[in-house]
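Okay, here's the structure, questions in a sec.
The values are calculated or read from the model by the stated rules, or taken from the named source; none is laboratory data. What you see is a predicted model, and the numbers here were worked out from it, not measured in a lab. Note that each Cβ is placed from the backbone with ideal geometry, even for glycine, and that neighbours are counted across all protein chains shown.
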Amino acid sequence: MRLRRCTPSPVAITIRGITTTKPVAGKADVPSNSLPTVRALPTFVPETAFGVWFLRTHTWEHHVLRVAIDDLKRLIDGPVPRSPIIVDAGCGQGISFKLLARAFEPSRIVGIDCHEPSLALAKQAARHVPVPVEVMQGDCAALPLPDACADIVFCHQTFHHLVEQERALEAFHRVLKPGGVLLFAESTDAYIKSWVIRLLFRHPMHVQKSADGYLDMLRAGGFDFAARNVSLPYLWWSRAKDFGLLERLGLYRPKPGKRRETLVNVAARKPVTAPA
């Protein structure tokens, strides 16, 4: 963090998202005891009280989380690493722990989140998982883990809360072993910017992306995947206009390529060798 220094005629500049001031030539600095307090910008936008409650519901666990994990496992090319170490980035309340244990039979799960009340619940959830689970407080953009320590990074519905998305992706790439798998499941801007989500939840709107935008970001972040490793679920709960009612009534069945995608799931790999 850089201190913000004020002058009688300051010129505002921005460095890495932090606004500071540059003195104008010939102007004297204000005494140091007049420096204003520097306020660090948040790296994520916390969930609303409704959102925290919703993450404990049957709907979240079975219609959102379980469905995503099943789909992501299907998208992985080749065999799943045996007894993998899984990093659950943005683990929230730890509802995913038992589902990940069932799907991948890991040797260890490391859950990381920066929301303290959720972490307390995650530690309780970890006690009921049949594999060792470590719960840590940390920022997805600066994971408190060593390089090449994980076989799988699981990131489910977390990126739309993050401000520093590219930095988080760099951290995921760093902690994955060569050939390791990133399981990435995210809601797109079409869903996050819908009226019902704006009403009930809270997100940094300026960083939301389309499905193609997230795929481009993953490629730019050094991850490999093909079309067979990507799915675009069009689940009822992600369609805020009618929650899939028109389709259930047989009145409207939009096809891929003819609709605004609301979800994107990707099983991507960190290359075994670094690009030349």
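Please identify the pairs in which a residue from the range 94-111 that is assigned by TED's automatic domain parsing to the domain that holds Trp60 has its Cβ atom under 6 Å from the Cβ atom of a residue that is among the aromatic types (Phe, Trp, Tyr) and surrounded by 21 or more Cβ atoms within 10 Å (Cβ to Cβ), counting only partners at least 6 apart or on another chain.
Close Cβ pairs satisfying both conditions: Ile109/Phe97.
Follow-up question, since we're still on this one. Every residue in the range 85-113 that is among the small types (Gly, Ala, Ser), buried (at least 24 other Cβ atoms within 10 Å of the Cβ) and either in contact with a Pro (Cβ under 7 Å, 6 or more places away or on another chain) or in a helix (DSSP H, G or I) (or both), please.
Scanning the range 85-113 gives a single hit, Ser96.
Considering only the range 220-276, state which residues are modelled with pLDDT of 65 or more and aliphatic (A, V, I, L, M).
Ala220, Ala226, Ala227, Val230, Leu232, Leu263, Val264, Val266, Ala267, Ala268, Val272, Ala274
Moving to a separate point now. Suppose the filter is within 16 Å of the chain's Cα centre (by Cα), assigned by TED's automatic domain parsing to the domain that holds Phe184 and touching a residue at least 60 places away in the same chain (Cβ under 8 Å); does Asp139 pass it?
Taking the combined requirement at face value, the residue satisfies it.
When the range 114-137 is examined, which residues are found to be assigned to a helix (DSSP H, G or I) and touching a Phe, Trp or Tyr at 6+ places or on another chain (Cβ under 8 Å)?
Ala122, Ala125, Ala126 - these are the residues of the range 114-137 that are assigned to a helix (DSSP H, G or I) and touching a Phe, Trp or Tyr at 6+ places or on another chain (Cβ under 8 Å).
The rows are residues; the columns are (1) over 27 Å from Phe54 (Cβ atoms); (2) modelled with pLDDT of 95 or more.
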residue: Ile85; (1), (2): yes, yes
residue: Asp88; (1), (2): no, yes
residue: Gly92; (1), (2): no, no
residue: Pro106; (1), (2): no, yes
residue: Val133; (1), (2): no, yes
residue: Ala148; (1), (2): yes, yes
residue: Phe172; (1), (2): no, yes
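Go through (1) outside any loop (DSSP other than H, G, I, E, B); (2) farther than 22 Å from Leu263 by Cα; (3) of a type in the set (Gly, Ala, Ser); (4) over 15 Å from the mean Cα position of the chain (by Cα) for Ala148 and report which single condition fails.
All conditions are met except number (1).
Name the residues in the range 178-201 that are at pLDDT below 75, assigned to a loop (DSSP other than H, G, I, E, B) and under 14 Å from Gln157 (Cβ atoms), would you?
Phe201
Restricting attention to the range 151-177, which residues are part of a strand (DSSP E or B) and closer than 23 Å to Glu105 by Cβ?
Selection gives Asp151, Ile152, Val153, Phe154, Cys155, His156, Leu176, Lys177.
Output the residue which, of all residues in the range 208-233 that are part of a helix (DSSP H, G or I) and acidic (Asp, Glu), is nearest to Pro178 (Cα to Cα).
Of everything passing the filter in the range 208-233, Asp216 is nearest to Pro178 (Cα to Cα).
Just a yes or no: is a residue in the range 11-31 in contact with a helix residue (DSSP H, G or I) (Cβ under 8 Å, 6 or more places away or on another chain) and at pLDDT below 95?
Within the range 11-31, not a single residue is in contact with a helix residue (DSSP H, G or I) (Cβ under 8 Å, 6 or more places away or on another chain) and at pLDDT below 95.
Read through the list (1) at pLDDT below 85; (2) under 19 Å from the mean Cα position of the chain (by Cα), then give the number of the only condition that Pro79 fails.
Among (1) at pLDDT below 85; (2) under 19 Å from the mean Cα position of the chain (by Cα), the lone unmet condition for Pro79 is (2).
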